[in-house]
Structure formats: structure tokens, C-alpha cells
Amino acid sequence: SLRRIGRRCLVVALVLAAIPVVLTFLYLPSFVHPISTLMLKDLATFSGYDRRWVSIDDVAPVLAHSVIMSEDGQFCFHRGVDLGELRGVVDDALAGEATRGASTITMQTVKNLFLWSRPLGSVRKVVELPLAVYFDAVMSKRRIMEIYLNIAEWGPGIYGIEAAAST
């Protein structure tokens, strides 16, 4: 019946929503080295990947600062979402102008850990925004940066700064 299908869809939605909430807490300790959805895809398709985890303590501060400046200049000041950048993108879109990216490092980290890249990018963004705010509230900026630097794809099958530096 339609009611039963509706209940099943609700249960599936709740389970899917709970996964990132639970995983975020599992990812809090620095000894946990999460993998991204792209890494999972590479494993599932037997493509393999290269990723060597590096502690944030072993990352040159100039590298972390460079990533912040190139990806998200307000990283240290926003709470997961840069509302000013987001507002600018929306204004540009409403004016019919070309839009630019407004994803923060936290949003990119959440996308890489829990979400998909394509298709349905706009649907993903709607899910990504509250997840980024939640992730930022639970994780320290230092831990977010550590995870980001170790799961970002720097080339096909190359994840994290250590693997990228070695290729």
C-alpha cells in the first residue's frame, strides 16, 4: 500500500541521515583515518587508490595556510558555510551571471566523506549545507583540515597530500 511505501521511504531517509551523524563522532579521534566516497568507489570498482595518511602535526603550516587561502579564505572564521560567499553566488545566479564555487573546506570535506559528486549536484548542495554546519560544530578546525588534506583527490586515484607529494 501507499502508506507502507511511505513508511519505508521515511525509515530509509532516517537511516541515511543518521550515517553521517554517527560517522562524524567516529571520526573525532585523530587515530581514525576516514576514507572518502571516491575512495570507496575506487575500491568497489577494483581501481585501487593511493593515500598515505599524514598527521596535521607533520604538515608544514605554510601548506595548510596555502590551502586555506586558495580554497576557503574564511575557513577560520565561519561555521562550516561562508554565508557571504553563498549570498554572492545566489545573487549572481539570480542576476543571470556566471556563478563561482562557494564551497568551504568543511563543505568539501563533508561532500568527500558522506556524499556524491554527480549527478544531482543541487540536491547534494541542499544536503551538504546543514551537514557542513553540523560537522563544523562537532569537529575542530584543525581536525577538519587534517581530514581534508588526507582525503582530497589530487589526481586520479591519488588522495591526500602525502600521496600527491610522492607522485
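Nothing in this text is a laboratory measurement; each read-out follows from the coordinates by a stated rule. Only a predicted model underlies this, so the values are computations on that prediction, with no experimental measurement involved. Heads up, the Cβs are rebuilt from the backbone with ideal geometry, glycines too, and the neighbour counts pull from every protein chain shown.
Remarks
- Of Pro34, Pro156, Pro130, the one that fluctuates the most in a GNM where the chain has Cα springs shorter than 10 Å: Pro156
- Between Ala98 and His33, the simple spin-label model (points 7 angstrom out along Cα→Cβ) gives 4.0 nm.
- For region 2-95, applying the loop criterion from DSSP together with a ceiling of 15 other beta carbons within 10 Å to the trypsin sites (Lys or Arg not before Pro) yields Arg52, Arg79.
- Length-normalised contact order for the chain - Cα pairs under 8 Å, 6+ apart - percent: 31 percent
- For the chain, a Gaussian network of Cα nodes joined below 10 Å ranks Ala98, Ala132, Ala152 by mean-square fluctuation, and the top entry is Ala98.
- Per-residue Cβ neighbour rank within 10 angstrom, fewest leading, Asp50, Asp82, Asp92, Asp57: Asp57, Asp92, Asp50, Asp82
- When each full DSSP H helix of the chain is screened for a Cα extent of at least 27 Å along its own axis and an average Kyte-Doolittle hydropathy of at least -0.5, the helices passing are 2-26.
- As a proxy for reagent exposure, ranking Thr106, Thr24, Thr37, Thr45 by other Cβ atoms within 10 Å from fewest up yields Thr45, Thr37, Thr24, Thr106.
- Rg/Rh ratio calculated on Cα atoms of the chain (Kirkwood radius): 1.00
- Only lysines eight or more places from Lys41 in sequence, or on another chain, were considered; those with a Cα closer than 19 Å are Lys111.
- Spin-label pair Leu40-Ala18: with each label point 7 Å from Cα along the Cα-Cβ axis, the two points sit 1.6 nm from one another.
- Mean separation of Cα contacts under 8 Å (6+ apart) over length of region 76-167, as relative contact order %: 27 percent
- Exposure proxy ranking, count of Cβ atoms within 10 Å, fewest first, for Tyr27, Tyr148: Tyr27, Tyr148
- DSSP-loop chymotrypsin sites (Phe, Trp or Tyr not before Pro) across region 66-147, with at most 12 other Cβ within 10 angstrom: Phe77
- Among the GluC sites (Glu not before Pro) in region 63-147, those located in a DSSP loop and surrounded by at most 13 other Cβ atoms within 10 Å of their own Cβ are Glu97.
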